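> Got a structure for you, written out below as structure tokens; questions coming shortly.
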Amino acid sequence: MPRIMCGCLLTIEVPEVTVFPKSPMMLGQPNILICLVDNIFPPVINVTWLRNGHSATEGVSETSFLPKSDHSFFKISYFTFLPSANNIYDCKVEHWGLDENTLYSDLHNFTFTEPKIPSPMSELTETVVCVLGLAVGLVGIVVGIILIIRGLHLADASRYQGPL
């Protein structure tokens, strides 16, 4: 846990930042990016979301500073967005323990997946299914006619036999 001493009673912690999506990212499907800033001390920090290098404020929310057992804090910033292949999102963190404003853009490594759309049946498959359905239907009609004729013949035969 890196610390910076400032010559007073204050020890400045160097925050650890992790950026990740709430759920697997799919193009065109709304999602939430999460920027977790851990190991914060003192509890003074600035978290900004950037879209293609420009500040993004719409869809941004964050928690207050949440205490940890070691007396440091953590904070979570949320950014609701619509993934697109043309946009790059960064979590910018400013804190006394960091050398300069630091961009966390692990999002470049995330892969976007296209929404799964069932592939349509090929024309050949459609034709085969249609022909098989027609064949089963015709066989059913022929078998039905044969059973009806057979039933009629048996009924006629029992009428003409008379008593034994």
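> With the requirement that a residue be assigned to a loop (DSSP other than H, G, I, E, B) and either surrounded by fewer than 11 Cβ atoms within 10 Å (Cβ to Cβ) or at pLDDT 55 or above (or both), what does region 102-124 give you? Break it down into steps so the answer makes sense when it comes.
Residues of region 102-124 that are assigned to a loop (DSSP other than H, G, I, E, B), as a first pass: 105, 110-112, 114-122.
Matches in region 102-124: 111, 114, 115, 116, 117, 118, 119, 120, 121, 122.
> Can you find even one residue in region 63-86 that is at pLDDT below 85, surrounded by fewer than 16 Cβ atoms within 10 Å (Cβ to Cβ) and polar (S, T, N, Q)?
Yes, some residue in region 63-86 is at pLDDT below 85, surrounded by fewer than 16 Cβ atoms within 10 Å (Cβ to Cβ) and polar (S, T, N, Q).
> Among 90, 99, which is assigned by TED's automatic domain parsing to the domain that holds residue 42 and at pLDDT 85 or above?
Among 90, 99, only 90 is assigned by TED's automatic domain parsing to the domain that holds residue 42 and at pLDDT 85 or above.
> At pLDDT 90 or above, within 15 Å of residue 20 (Cα to Cα) and not in a strand (DSSP E or B) - does that describe any residue in region 30-45?
Yes: one or more hits.
The values are calculated or read from the model by the stated rules, or taken from the named source; none is laboratory data. Predicted, not measured: the structure shown is a model, and the values here were computed from it. We place every Cβ from the backbone using ideal geometry, glycine too, and count neighbours over all the protein chains shown.
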